[in-house]
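Read the structure below first, then the notes.
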Amino acid sequence: MERTVRTRETRQRRLVLETLRSTKSHPTAEWIFERVRERMPHISLGTVYRNLNVLRDEGKVRELRVNGRTAHWDGDLSPHGHFVCTECGAIRDVWGLPNHDWKGLKDLVGCEVIRQHCEFYGTCPACLQRERANS
Ligand SMILES: [Zn+2]
Ligand SMILES: [Zn+2]
């Protein structure tokens, strides 16, 4: 019995992770839930949330708080920043940012830096084009 439960949880977690890794759109838990449900009809939104939190705590996915509110999820752990469009909410990966060595910060302010996240806000190319077309 115990083993069956654990097997099911493992399958659920793997499917949540696979689904997140299959997209570059930095989806919400609801989006992931809709996709996962197609292959696992009895899964609940709460289970998807729980699995995302476990995966985050295990360091397998990244949680992004856009505007400090909505949680979006990223299955790509390689170091990169994010650009958030304030018009349509799209999140794009930003590559090639200069890599700072923050270890010196410990001497400077006495803090130990575990991770750094660079976020930019502005208007994405699609929204810029729409604005230009409307003006
Ligand atoms: Zn946009
Ligand atoms: Zn990303």
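The table that follows gives values for the structure above.
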item	result
Within segment 19-135, helices (runs of 4 or more DSSP H) holding 1 or more residues that are away from ligand 1 (no atom under 15 Å from the Cβ)	29-39, 45-57, 105-109
Given (1) exposed (fewer than 11 other Cβ atoms within 10 Å of the Cβ); (2) closer than 18 Å to D74 by Cα, number of the condition P27 does not satisfy	(1)
Output for segment 68-93, where each listed residue is surrounded by 13 or more Cβ atoms within 10 Å (Cβ to Cβ), closer than 21 Å to R56 by Cβ and among the aliphatic types (A, V, I, L, M)	A71, V84, I91
Long-range neighbours under 6 Å by Cβ, at least six apart or interchain, first residue at negative phi within segment 14-34, second among the small types (G, A, S) and surrounded by 18 or more Cβ atoms within 10 Å (Cβ to Cβ)	L20/G75; R21/G75
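No lab work stands behind these numbers, since they all come straight from the coordinates. As the structure is a prediction and not an experimental result, all values here were calculated from the model. Neighbour counts are summed over all protein chains in view; Cβ atoms, including those assigned to glycine, are modelled from backbone coordinates with ideal geometry.
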